[in-house]
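See below for the structure under consideration.
The values are calculated or read from the model by the stated rules, or taken from the named source; none is laboratory data. In this text, all values refer to a predicted model and were calculated from it rather than measured experimentally. Here Cβ is always computed from backbone atoms with ideal geometry, including for glycine, and neighbour counts include all displayed protein chains. Only protein heavy atoms, including side chains, enter the accessible area calculation; ligands, DNA and RNA are left aside. Shrake-Rupley method; radii C 1.70, N 1.55, O 1.52, S 1.80 Å.
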Amino acid sequence: MKSTHKDLLHDIEICVSSGQNLPIILSDVCNLLKDKVFHYDWVGFYILDKQNSLLILGPYCGKPTEHTIIPVGKGVCGQVAQSLQLKIVQDVTLENNYIACNLDVQSEIVVPVLKNSQFVAEIDIDSHSTAPFTVDDEKFLSAVCDLLSPLF
Ligand code: SME
(Lines give C-alpha, C1' and ligand atoms only; values in the text may rest on other atoms or scores of the structure.)
Protein backbone atom coordinates (compact mmCIF):
# COMPACT_ATOMS: atom_id res chain seq x y z
CA MET A 1 0.00 0.00 0.00
CA LYS A 2 1.27 3.54 -0.83
CA SER A 3 2.70 5.56 2.06
CA THR A 4 0.06 8.28 1.54
CA HIS A 5 -2.57 5.58 1.94
CA LYS A 6 -0.90 4.26 5.12
CA ASP A 7 -0.77 7.78 6.58
CA LEU A 8 -4.39 8.38 5.68
CA LEU A 9 -5.48 5.10 7.26
CA HIS A 10 -3.71 6.20 10.42
CA ASP A 11 -5.56 9.57 10.32
CA ILE A 12 -8.85 7.74 9.78
CA GLU A 13 -8.14 5.41 12.74
CA ILE A 14 -7.76 8.55 14.87
CA CYS A 15 -11.12 9.88 13.58
CA VAL A 16 -12.80 6.54 14.31
CA SER A 17 -11.56 6.45 17.89
CA SER A 18 -12.28 10.15 18.51
CA GLY A 19 -15.55 9.46 20.32
CA GLN A 20 -17.38 11.87 17.98
CA ASN A 21 -20.76 10.91 16.57
CA LEU A 22 -21.06 9.02 13.28
CA PRO A 23 -21.97 11.98 11.00
CA ILE A 24 -18.97 13.96 12.24
CA ILE A 25 -16.60 11.02 11.77
CA LEU A 26 -17.93 10.34 8.25
CA SER A 27 -17.69 14.01 7.37
CA ASP A 28 -14.06 14.13 8.59
CA VAL A 29 -13.26 11.04 6.51
CA CYS A 30 -14.81 12.66 3.39
CA ASN A 31 -12.70 15.78 3.89
CA LEU A 32 -9.49 13.80 4.44
CA LEU A 33 -10.02 11.66 1.35
CA LYS A 34 -10.95 14.54 -0.94
CA ASP A 35 -8.15 16.80 0.32
CA LYS A 36 -5.35 14.23 0.29
CA VAL A 37 -6.02 12.17 -2.83
CA PHE A 38 -5.70 14.18 -6.02
CA HIS A 39 -8.10 12.14 -8.14
CA TYR A 40 -10.90 12.07 -5.53
CA ASP A 41 -13.10 15.04 -6.53
CA TRP A 42 -16.35 14.16 -4.77
CA VAL A 43 -16.48 11.87 -1.74
CA GLY A 44 -19.68 10.87 0.02
CA PHE A 45 -21.45 8.20 2.00
CA TYR A 46 -24.78 6.62 1.16
CA ILE A 47 -26.44 4.83 4.08
CA LEU A 48 -28.89 1.94 3.61
CA ASP A 49 -32.51 2.39 4.61
CA LYS A 50 -33.11 -1.35 4.72
CA GLN A 51 -36.87 -1.18 5.25
CA ASN A 52 -37.43 0.84 2.07
CA SER A 53 -34.49 -0.50 -0.01
CA LEU A 54 -33.14 3.01 -0.45
CA LEU A 55 -29.75 4.62 -0.15
CA ILE A 56 -29.80 7.92 1.70
CA LEU A 57 -27.01 10.45 1.16
CA GLY A 58 -25.05 11.05 4.34
CA PRO A 59 -22.01 13.30 4.82
CA TYR A 60 -20.24 14.29 1.62
CA CYS A 61 -17.61 16.68 0.36
CA GLY A 62 -17.77 18.32 -3.06
CA LYS A 63 -20.50 19.86 -5.18
CA PRO A 64 -24.08 19.36 -3.93
CA THR A 65 -25.97 16.57 -5.70
CA GLU A 66 -29.70 16.22 -6.33
CA HIS A 67 -29.35 12.44 -5.89
CA THR A 68 -29.91 12.32 -2.16
CA ILE A 69 -32.06 9.18 -2.32
CA ILE A 70 -31.17 6.27 -4.64
CA PRO A 71 -33.17 3.03 -4.91
CA VAL A 72 -31.13 -0.16 -4.35
CA GLY A 73 -30.24 -1.48 -7.83
CA LYS A 74 -30.24 1.93 -9.50
CA GLY A 75 -27.01 3.57 -10.68
CA VAL A 76 -23.53 2.50 -9.70
CA CYS A 77 -24.36 3.12 -6.04
CA GLY A 78 -27.50 1.02 -6.18
CA GLN A 79 -25.67 -1.83 -7.95
CA VAL A 80 -23.09 -2.03 -5.16
CA ALA A 81 -25.84 -2.08 -2.51
CA GLN A 82 -27.28 -5.10 -4.35
CA SER A 83 -24.09 -7.02 -5.20
CA LEU A 84 -22.10 -6.08 -2.05
CA GLN A 85 -19.09 -5.89 -4.41
CA LEU A 86 -16.83 -2.89 -4.89
CA LYS A 87 -17.38 -1.39 -8.34
CA ILE A 88 -15.12 0.78 -10.47
CA VAL A 89 -16.40 2.62 -13.53
CA GLN A 90 -13.31 3.97 -15.27
CA ASP A 91 -15.37 5.81 -17.91
CA VAL A 92 -18.91 6.75 -16.91
CA THR A 93 -19.96 7.24 -20.56
CA LEU A 94 -19.63 3.46 -20.98
CA GLU A 95 -21.84 2.52 -18.00
CA ASN A 96 -25.51 1.94 -18.81
CA ASN A 97 -26.75 1.86 -15.21
CA TYR A 98 -25.29 5.20 -14.17
CA ILE A 99 -26.86 8.25 -12.53
CA ALA A 100 -25.12 11.43 -13.73
CA CYS A 101 -24.53 14.05 -11.04
CA ASN A 102 -22.25 16.53 -12.69
CA LEU A 103 -20.76 16.75 -16.17
CA ASP A 104 -17.18 17.02 -14.88
CA VAL A 105 -17.32 13.46 -13.55
CA GLN A 106 -15.43 10.97 -15.73
CA SER A 107 -15.12 7.98 -13.42
CA GLU A 108 -16.42 6.57 -10.15
CA ILE A 109 -15.57 4.01 -7.48
CA VAL A 110 -18.09 2.71 -4.96
CA VAL A 111 -16.99 0.58 -2.01
CA PRO A 112 -19.42 -1.20 0.32
CA VAL A 113 -19.27 -1.00 4.11
CA LEU A 114 -20.28 -4.42 5.40
CA LYS A 115 -21.19 -5.23 8.98
CA ASN A 116 -21.47 -8.94 9.82
CA SER A 117 -21.47 -9.55 6.04
CA GLN A 118 -24.52 -7.30 5.60
CA PHE A 119 -24.46 -4.14 3.50
CA VAL A 120 -24.92 -1.06 5.71
CA ALA A 121 -23.44 1.84 3.71
CA GLU A 122 -20.99 2.72 0.97
CA ILE A 123 -18.33 5.24 0.05
CA ASP A 124 -18.94 6.84 -3.33
CA ILE A 125 -16.06 8.68 -5.00
CA ASP A 126 -16.27 10.60 -8.27
CA SER A 127 -13.22 11.67 -10.25
CA HIS A 128 -12.73 14.25 -12.98
CA SER A 129 -9.99 12.03 -14.46
CA THR A 130 -10.65 9.11 -16.79
CA ALA A 131 -9.49 5.69 -15.52
CA PRO A 132 -7.64 6.94 -12.42
CA PHE A 133 -8.54 4.07 -10.08
CA THR A 134 -6.05 1.27 -9.41
CA VAL A 135 -5.83 -1.84 -7.26
CA ASP A 136 -4.19 0.45 -4.67
CA ASP A 137 -7.42 2.49 -4.44
CA GLU A 138 -9.40 -0.74 -4.07
CA LYS A 139 -7.20 -2.01 -1.22
CA PHE A 140 -7.03 1.37 0.48
CA LEU A 141 -10.76 2.14 0.34
CA SER A 142 -11.66 -1.41 1.41
CA ALA A 143 -9.41 -0.89 4.46
CA VAL A 144 -11.18 2.43 5.15
CA CYS A 145 -14.57 0.68 5.02
CA ASP A 146 -13.31 -2.05 7.37
CA LEU A 147 -12.25 0.63 9.86
CA LEU A 148 -15.66 2.32 9.67
CA SER A 149 -17.81 -0.83 9.80
CA PRO A 150 -17.91 -1.17 13.64
CA LEU A 151 -19.45 2.33 13.87
CA PHE A 152 -22.66 1.23 12.10
N1 SME B 1 -23.19 8.40 -9.99
C2 SME B 1 -23.87 7.71 -8.92
C3 SME B 1 -24.89 8.60 -8.26
C4 SME B 1 -24.38 9.34 -7.10
S5 SME B 1 -23.46 10.68 -7.48
O6 SME B 1 -22.19 10.21 -8.08
C7 SME B 1 -23.09 11.57 -6.16
C8 SME B 1 -24.51 6.45 -9.43
O9 SME B 1 -24.50 6.17 -10.63
O10 SME B 1 -25.06 5.71 -8.61
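Within region 69-91, how many residues turn out to be under 12 Å from the mean Cα position of the chain (by Cα) and among the hydrophobic types (A, V, I, L, M, F, W, C)?
Result for region 69-91: 6.
Going through region 117-137 one residue at a time, which ones are part of a strand (DSSP E or B), open to solvent by less than 50 Å² (accessible area, probe 1.4 Å) and more than 10 Å from the ligand (Cβ to nearest atom)? Explain how you work it out, then say what you get.
Keep residues of region 117-137 that are part of a strand (DSSP E or B), which gives 118-127.
Now restrict to residues that are open to solvent by less than 50 Å² (accessible area, probe 1.4 Å): 119-127.
Residues satisfying the conditions are Phe119, Val120, Ala121, Ile123, Ser127.
Out of the residues in region 73-115 meeting the condition of being within 11 Å of the ligand (Cβ to nearest atom) and among the β-branched types (Val, Ile, Thr), tell me which one is most open to solvent (accessible area, probe 1.4 Å).
Only one residue fits best here, namely Ile99.
Just for region 28-62: of the residues that are open to solvent by less than 40 Å² (accessible area, probe 1.4 Å), in a helix (DSSP H, G or I) and touching a Pro at 6+ places or on another chain (Cβ under 9 Å), which one is farthest from the ligand (Cβ to nearest atom)?
Val29
Any chance you could count how many residues in region 63-72 are among the aliphatic types (A, V, I, L, M) and either near the ligand (Cβ under 9 Å from one of its atoms) or surrounded by 17 or more Cβ atoms within 10 Å (Cβ to Cβ) (or both)?
So in region 63-72, the residues among the aliphatic types (A, V, I, L, M) come out as 69-70, 72.
In the following step, the residues that additionally are either near the ligand (Cβ under 9 Å from one of its atoms) or surrounded by 17 or more Cβ atoms within 10 Å (Cβ to Cβ) (or both) were identified as 70, 72.
Going through region 63-72 one residue at a time, the tally reaches 2.
Answer yes or no as to whether His5 is in a loop (DSSP other than H, G, I, E, B) and either open to solvent by less than 30 Å² (accessible area, probe 1.4 Å) or closer than 17 Å to Ile109 by Cβ (or both). Write out each step before concluding.
Details: in a loop (DSSP other than H, G, I, E, B): no; either open to solvent by less than 30 Å² (accessible area, probe 1.4 Å) or closer than 17 Å to Ile109 by Cβ (or both): yes.
No; evaluated as a whole, the condition is false for this residue.
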